[in-house]
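Enquirer: The structure's right below; bear with me while I get my questions together.
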């Protein structure tokens, strides 16, 4: 059996500073990392407080960069981004702030692009089945249903 490495509070602070510098992290990720390091709850509180005071840990900044990244890279919709942030225990206020980072016209262009791309790449011959497959795909990406069905109306047989 492999014994776990032990850390002093200072060592853990330094380790988590570089963990947070590498990419923005949420509180939940930092808490999980501290737990894996075997830190006691009092030390965890001290370290998290230190990270927040020195701006290594900033929930609003994390939420904004998360929303921008998931939209631009994975082409997620606002519904999916919001769910992912809730899963990470981000406050409603920070979720709303993060979603404002997404430009509305760019959002609708991306939705159109995804719908057209999926439509052209779907082999289904039955019009309604094809429409449903495309709708399901875009809804899984996290786009609002009213916008999805509006975008699909361009394909009326």
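Enquirer: Looking at (1) out of contact with any helix residue (DSSP H, G or I) (no Cβ under 8 Å at 6 or more places or on another chain); (2) more than 13 Å from residue 58 (Cα to Cα), find the lone condition where residue 35 falls short.
Expert: Residue 35 satisfies every listed condition except (1).
Enquirer: Restricting to the stretch 33-50, give me the number of residues that are in contact (Cβ under 8 Å) with a residue 12 or more places away in the chain and either part of a helix (DSSP H, G or I) or on the phi > 0 side of the Ramachandran plot (or both).
Expert: Going residue by residue through the stretch 33-50, those that are in contact (Cβ under 8 Å) with a residue 12 or more places away in the chain are 33-34, 37-39, 43-44, 46-48, 50.
Filter once more, keeping what is either part of a helix (DSSP H, G or I) or on the phi > 0 side of the Ramachandran plot (or both): 33-34, 38, 43-44, 46-48, 50.
Residues meeting the conditions: 9.
Enquirer: Mind listing whichever residues of the stretch 131-146 are surrounded by 18 or more Cβ atoms within 10 Å (Cβ to Cβ) and part of a helix (DSSP H, G or I)?
Expert: 131, 134, 135, 137, 138
Enquirer: For the stretch 1-32, which residues satisfy the criterion of being touching a helix residue (DSSP H, G or I) at 6+ places or on another chain (Cβ under 6 Å), at pLDDT 90 or above and over 27 Å from residue 66 (Cα atoms)?
Expert: Of everything in the stretch 1-32, nothing turns out to be touching a helix residue (DSSP H, G or I) at 6+ places or on another chain (Cβ under 6 Å), at pLDDT 90 or above and over 27 Å from residue 66 (Cα atoms).
Enquirer: Same structure, new question: From 53, 106, grab the single residue that is surrounded by fewer than 17 Cβ atoms within 10 Å (Cβ to Cβ) and either within 25 Å of residue 30 (Cβ to Cβ) or in contact (Cβ under 8 Å) with a residue 60 or more places away in the chain (or both). Walk me through it before giving the result.
Expert: On the way: 106 fails: either within 25 Å of residue 30 (Cβ to Cβ) or in contact (Cβ under 8 Å) with a residue 60 or more places away in the chain (or both).
So the residue among 53, 106 that is surrounded by fewer than 17 Cβ atoms within 10 Å (Cβ to Cβ) and either within 25 Å of residue 30 (Cβ to Cβ) or in contact (Cβ under 8 Å) with a residue 60 or more places away in the chain (or both) is 53.
Enquirer: Here is a list of conditions, (1) assigned to a helix (DSSP H, G or I); (2) surrounded by fewer than 19 Cβ atoms within 10 Å (Cβ to Cβ); (3) touching a helix residue (DSSP H, G or I) at 6+ places or on another chain (Cβ under 8 Å), and residue 61 meets all of them except one; can you say which number that is?
Expert: (3)
Enquirer: (1) over 21 Å from the mean Cα position of the chain (by Cα); (2) not in a helix (DSSP H, G or I): which one isn't true of residue 153, the others all being true?
Expert: Result: residue 153 passes all but (2).
Enquirer: Being without any contact (Cβ under 8 Å) to a residue 24 or more places away in the chain, over 20 Å from the mean Cα position of the chain (by Cα), over 30 Å from residue 13 (Cα atoms) and not in a helix (DSSP H, G or I) is the requirement here; does residue 117 meet it? Give the steps one after another, and end with the answer.
Expert: Details: without any contact (Cβ under 8 Å) to a residue 24 or more places away in the chain: yes; over 20 Å from the mean Cα position of the chain (by Cα): yes; over 30 Å from residue 13 (Cα atoms): yes; not in a helix (DSSP H, G or I): no.
Spelling it out, it is not the case that residue 117 is without any contact (Cβ under 8 Å) to a residue 24 or more places away in the chain, over 20 Å from the mean Cα position of the chain (by Cα), over 30 Å from residue 13 (Cα atoms) and not in a helix (DSSP H, G or I).
The values are calculated or read from the model by the stated rules, or taken from the named source; none is laboratory data. These numbers were taken from a predicted model, which means no experiment stands behind them. All Cβ positions, even for glycine, are placed from backbone atoms using ideal geometry, and neighbour counts span all protein chains on display.
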